[in-house]
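Asks: I have a structure I would like to understand better, so I am pasting it below and will then ask my questions one at a time.
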Amino acid sequence: MALKVKTQDVLEVFNEKLDSVGEKFDLNEKILSTIDLKLIEIKNTSIKVEFDSLKEETKKNSELFKNNRTELDQLLQKHTSEVKFFAKKQEKLQLYFYGALLVLFLLSATFLAFAMNEYHDRKEAEQRLKFYGKEASRRDLFLKEKNMTLQYDDWLENEQEKIDNVK
């Protein structure tokens, strides 16, 4: 069965809802009036800026910053001069290093050339010694074949005495 809604019940619910909506409208009107009053108050008030005190503060700040700027400039110049000094010192050290490296290279090259020269002289002396050793053995062989070994020994002793007497 369908429920029958009475008009009276609907009207009562409608009146209740209407009352709550009316209260909300009243609250909105109060809020709007308060906002309007605050807006008017804000429009009526004006901000007054005192330029004299602002000028004084600006002058004070500029003087403080001027001192700071001069200090910063002095620090910058000091650091710049220190960097230049160390750069020159580093350049001089590099010059000494490369000069020492050049001297070391030249000494090494000279030593190497001397060692190579001595090596070749020694090889040449060894070759001469071999040559003269072969010559001496051939001479001894020749003298033995001709039976002249005793004559050669006598001659060699005479020549040695002549050399000793000259000294």
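The values are calculated or read from the model by the stated rules, or taken from the named source; none is laboratory data. If you're wondering where the values come from, they're calculated on a predicted model, not measured in any experiment. Every residue, glycine as well, gets a Cβ built from its backbone with ideal geometry; the counts of neighbours run over all protein chains shown. Quick note on the areas: whole protein, heavy atoms, side chains included, nothing else; ligands and nucleic acids left out. Shrake-Rupley method; radii C 1.70, N 1.55, O 1.52, S 1.80 Å.
Asks: Could you state how much accessible area S137 has, in square angstrom rounded to the nearest 10, with a 1.4 Å probe and all protein chains kept in place?
Replies: About 70 Å², ignoring ligands and nucleic acids.
Asks: I've got another one for you. Angle, helix 149-166 long axis vs. longest principal axis of the chain, Cα atoms, 0 to 90°, nearest 10?
Replies: On a 0 to 90 degree scale, this one is about 70.
Asks: Aspartates and glutamates within cross-link reach of K162: Cα-Cα under 15 Å, excluding same-chain residues under 8 positions apart?
Replies: The qualifying aspartates and glutamates are D153, D154.
Asks: Nearest 0.05, what FRET efficiency do I40 and L18 give at R0 = 45 Å with Cβ-Cβ as r?
Replies: That gives a FRET efficiency of 0.85.
Asks: Run down the lysines and flag those whose C-alpha is under 16 Å from the C-alpha of K144, throwing out any fewer than 8 positions away in its chain.
Replies: K134
Asks: Return one whole number: the accessible area per residue of segment 1-141 in Å², for a 1.4 Å probe.
Replies: Roughly 101 Å² per residue, with all protein chains present.
Asks: Mind giving me the nanometre distance, one decimal, between the label points for L150 and N165, set 7 Å out from Cα along Cα→Cβ?
Replies: For the pair L150/N165, the computed spacing is 2.4 nm.
Asks: Here is a follow-up. Using a 1.4 angstrom probe on heavy atoms only, work out the carbon and sulfur share of the accessible area of the chain in %.
Replies: On the chain, the fraction of accessible area on carbon and sulfur atoms equals 61 percent.
Asks: Lysines within cross-link reach of K59: Cα-Cα under 21 Å, excluding same-chain residues under 8 positions apart?
Replies: Counting by Cα, and skipping residues close in sequence, K59 has these lysines nearby: K48.
Asks: Projected area of segment 87-148, taken from the Cα convex hull and averaged over every viewing direction, in nm²?
Replies: Orientation-averaged projected area of the Cα hull: 4.2 nm².
Asks: Can you give the extra length, in nm with one decimal, that the chain gains between D52 and R69 once fully stretched, where that is 0.36 nm per residue apart less the Cα-Cα distance?
Replies: 3.6 nm
Asks: For segment 8-167, rounded, prolate or oblate, judged on the Cα gyration tensor with a ≥ b ≥ c (square roots of eigenvalues), a/c < 1.5 rounded, else prolate if a/b > b/c?
Replies: Oblate, because a/c is 1.5 or more while a/b does not exceed b/c.
Asks: Take the Cβ-Cβ distance between K134 and S108 as r, set R0 to 25 Å, and report the resulting FRET efficiency rounded to the nearest 0.05.
Replies: After rounding, the FRET efficiency stands at 0.05.
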